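The values are calculated or read from the model by the stated rules, or taken from the named source; none is laboratory data. Remember, it's a predicted structure, so these values are computed and weren't measured experimentally. Here the Cβ positions follow ideal geometry from the backbone for every residue, glycine too, while neighbour counts run over all protein chains shown.
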Amino acid sequence: MKILLAPSETKKSGGDKNFILENLLFPQLTPIRKQLTHKYINILQLGDKKTLSKMFGLKKKSDILYYSTKDIVHELTMKAIQRYTGVAFDYIDYNNQDSNTQTYIDNNVILFSNLFGLLRADDKIPEYRLKQGEAIGELRTEKLYKEQSYLLDKYLENEDILDLRATFYNKFYIPNKQYTTLKFIKNGKIISHWAKAYRGIIVKEVAKAKIETIEEFMNLSIDGLSINSIQTTKNKTEIIYDLNF
């Protein structure tokens, strides 16, 4: 089973390996990644504060300056699953998992970077900043990567798919086969913060249990969750969970 997961705009600093663009998942995407990174760096070098503020999704001058001086091609890297921060990644708590759980996450979680596109959790990436949905100059990253959807379709053809991404990332990719998504409600209302938290919890618990199929996932007990209903439309199955706390 493969788990599709959204990234985070916030990221940890630092790293210990040099960046090799060609080593990321799907080397076939290297020309697109080079096009985007070169355009990104050109915009940084031009230094227009208004443009950078919009592209980064930041207003504070010191924050804009910090990211505008990042030469991402020559920055040190760390695993994508460690680079991204935010609620879901806090609850995955990757660094505190045992080696078997980390290996499962490395091999089975696919992240959707707004800059680099499709990544395995263990792909080594530098620190960068790009607001969700923002173009890089005239380049729309989600459009460029969606045009290459066939690569992920082929990669996933013999896998069950658990899609934990935010809806925005359908602009990058929608599976062409049966897949499962989740929704979280409390007192009849869809919740957001705890949805992010439980996406992280589910990744962690699935990895600990070494889940290989959606059937196995359906039988996995997760504290605080109970199934309210299951809805299927075409090739999408949505499990709706009640939060019990």
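Going by what's in this entry, would LEU130 be described as assigned to a strand (DSSP E or B), surrounded by 14 or more Cβ atoms within 10 Å (Cβ to Cβ) and either touching a Phe, Trp or Tyr at 6+ places or on another chain (Cβ under 7 Å) or touching a residue at least 40 places away in the same chain (Cβ under 8 Å) (or both)?
When the stated conditions are applied, LEU130 does not pass them.
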- Task: Would you check if THR77 is modelled with pLDDT of 95 or more, of a type in the set (S, T, N, Q) and either buried (at least 20 other Cβ atoms within 10 Å of the Cβ) or out of contact with any strand residue (DSSP E or B) (no Cβ under 7 Å at 6 or more places or on another chain) (or both)?
- Result: yes
- From TYR94, TYR84, TYR104, grab the single residue that is without any contact (Cβ under 8 Å) to a residue 40 or more places away in the chain, within 21 Å of ALA6 (Cα to Cα) and either within 17 Å of the chain's Cα centre (by Cα) or buried (at least 18 other Cβ atoms within 10 Å of the Cβ) (or both). TYR94
- Assuming ILE110 fulfils every condition listed in (1) surrounded by 21 or more Cβ atoms within 10 Å (Cβ to Cβ); (2) modelled with pLDDT under 95 apart from one, which condition is it? (2)
- Kindly provide the set of residues from region 159-181 that are surrounded by 19 or more Cβ atoms within 10 Å (Cβ to Cβ) and of a type in the set (A, V, I, L, M, F, W, C), ordered by number. ILE161, LEU162, LEU164, PHE172
- strands (runs of 3 or more DSSP E) contained entirely in region 40-120, each with at least 3 residues that are of a type in the set (A, V, I, L, M): 109-113
- Query: Just checking, which of LYS70, LYS17 is of a type outside the set (S, T, N, Q), modelled with pLDDT under 95 and either surrounded by 15 or more Cβ atoms within 10 Å (Cβ to Cβ) or farther than 30 Å from ASN107 by Cα (or both)?
  - Reply: LYS70
